[in-house]
1. With the full set of protein chains in place, find how many percent of the accessible area of the stretch 359-411 is carbon and sulfur; take the probe as 1.4 Å.
2. At a threshold of 8 angstrom on Cα-Cα distance, excluding pairs fewer than six apart, so keeping six or more, what relative contact order does the stretch 507-573 reach in percent?
3. Rounded to the nearest whole Å², what accessible area per residue is found for the stretch 58-100 with the 1.4 Å probe?
4. Under 5 Å between amide H atoms, partner at least 5 residues away or on a different chain: which partners does ASP38 have, H built in plane at 1.01 Å?
5. Just grab the label-to-label distance for ARG46 and ALA515, each label 7 Å out from Cα along the Cβ direction, in nm (one decimal).
6. Of HIS332, VAL320, ALA284, whose Cα points farthest to the positive end of the dipole of the stretch 224-379 (charges on the beta-carbon: +1 Lys, Arg; -1 Asp, Glu; origin at the Cα centre)?
7. Once phi is turned into θ = phi - 60°, what whole-Hz ³J(HN,Hα) does the Karplus curve with 6.51, -1.76 and 1.60 give for every residue of the stretch 290-296, x standing for Gly and Pro?
8. Could I have the simple spin-label model distance between GLU74 and ALA438, label points 7 Å from Cα toward Cβ, reported in nm to one decimal?
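The values are calculated or read from the model by the stated rules, or taken from the named source; none is laboratory data. These numbers were taken from a predicted model, which means no experiment stands behind them. Cβ placement follows ideal geometry from the backbone for every residue including glycine, while neighbour counts extend to all protein chains displayed. Heads up: the accessible areas ignore ligands, DNA and RNA and are worked out on the full protein's heavy atoms, side chains in. Shrake-Rupley method; radii C 1.70, N 1.55, O 1.52, S 1.80 Å.
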Amino acid sequence: MTTLKKTVVTKTTTTTVTAADRKCVPRRLDLSVYVVIDVAVLPKTRTAAQVAADALAGGATFLQLRAKTVSTKEFILLARQVKQEADKYGVAFVVNDRIDVALAIDADGVHIGQVCDLAVLSFWRPLTSGHSTWQDDMPLSTARTLLGSGKLIGVTCTNTQEVNDACAGGADYLGTCAVFPTATKAYDPGFVPLGPIGLRSLLATATVPIVAIGGINVANAAQLILQSENGGKRIAGCAVVSAVICADDVRAAASELAAVVKPLTPESSSESPAKFLNTRSPRAQALVDKVADALATVRKSKPLVHSITNYVVMNDNANVVLAIGASPIMAHSVAEAADIVSFCGALVLNIGTLSDHWIEAMHIAGGAANKLGIPVIMDPVGAGATVLRQRTCVDLVTKIHTNIVKGNAGEISFLASAVAGTSADAQSRGVDSEGEMANPAMVVRVLAAKISSAVAMSGPVDYVSDRFGKEVVTVHNGNEWLGKITGTGCDTSALVAAFAAVLASESKLPDDTDAIDPFLVSAVGGIVSMCIAAEQAANQAIKGPMSFKTALFDAIANLTPQMIQRYARVDFA
């Protein structure tokens, strides 16, 4: 019934952050097995997406799509398909040259050269007569301005001066001209491949990772890496085109190359300024690690989630639980409420469509869950809208021990005022909320401490407190489309329950520990899963709310722990 809205306005206050909190853990950018999918040389029996899937399954760690001869519309379609495959593995994906395409599909960045082709970059200015090239039409500084600081830019360099310029200009990594003879890319007559010696000179100058390309294959990769080493410094990876995408078995070719290259190349972590990979504080990274691990556990163990929920979202709740990898059950009868919950991993109490016997069933099921140590997740839909809802919400959180309460700003605002005596400005409007909240972190913190339950409040930024009211996490993922369809908030509560089901055994924390509350992890896990899936779905060819809904459920089903690691934007407030 409720939508997970990303349009409610909140006002935040400044929080003091220590130096230790500011120290971020760089996310690993693995350039070692860099596969370039060039549609000009791609066998006609294969699609770019198929090759991407096979290369990734074989161990490719970075993808680039090169499509200089296709229309913009076709390039965007191909890029979107390749990005979907890359996202499944949490692997970076860049577009060759075309910044407009990269922006259209939200690619991780672009790879640009030193000389820009007028036909390829004609979208920046009208195409003049003839077909020619010009030098530095799209300089690195302009590309950065267009893409922003959060995207990756790789630059091809042929000599040490270009290396110096690219590094000084803020390139994230460098590519080389051909190190060995190659038929994949045309060079001027008399061009001499770089070779290991030339590559060594570039390494001496570069301050960012270098990826070698041109004529590289499984037979010569190791020799190139070792012979080009300069003062203990090695290339970050080998980029290949035909050696993988034209191989009889793409997956096997990528696997064989990875087996040779990866042991010899350094992981480009602390050396890499890969800002787009989402640097986090150490504690935020520990939280994301736990969420990613929990998702893997959900998919492996398939916990049973019992939902006493509303008519409007019942079917969607069941399907979203299935999509995340758990199993749903919907049982509302007073006669069986206690029996059903006894063999479930978690219980959801959603007050969206209330009736007297459903309220009674919630109390019976909640009481049984408390006795058995089964986590209870409450969704106070429209909490302050009517006297019945107000009374029901207060009764549930005071007579049943809830482990997690998740609602929108209006719902949490009502509970904070009614139970914890905290004044907040947001109000319920039906099942949605309106108004501004001056200090959302304080509201969830105080309510959590009062009811000894993790509290999650959705909004343009989601706020989640642990059950002690000590730590509050902010979640910055999401998309405005979530507010265009009914029930995404209720669906998120069901996802939270799936995470809680696999983390409940960790609920007893040792004394004097910095362990993260597992119910905080569960709430963040459900929210992040929904919001990352929404971001992925919004990148598809969405025509309206229903096509988004279909894409959203597909995205939840395709969500991986690697995608959690890659895309989760969370921090401690």
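1. Details: 940 of 1720 Å².
Answer for the stretch 359-411 is 55 percent, counting heavy atoms of protein chains only.
2. Numbers: 33 pairs, mean separation 19.9, N = 67.
Dividing the mean separation by the residue count of the stretch 507-573 yields 30 percent.
3. Numbers: 1430 Å² over 43 residues.
Heavy-atom SASA per residue in the stretch 58-100 reads 33 Å².
4. Under 5 Å from the amide H of ASP38 lie the amide H atoms of ARG66, each far enough along the sequence or on another chain.
5. Simple spin-label model gives 4.8 nm for this pair.
6. So the residue we want is ALA284.
7. Taking θ as phi minus 60°, the curve returns 5, 5, 4, 5, 5, 4, 4 Hz for the stretch 290-296.
8. Going by the 7 Å Cα→Cβ label model, 6.0 nm.
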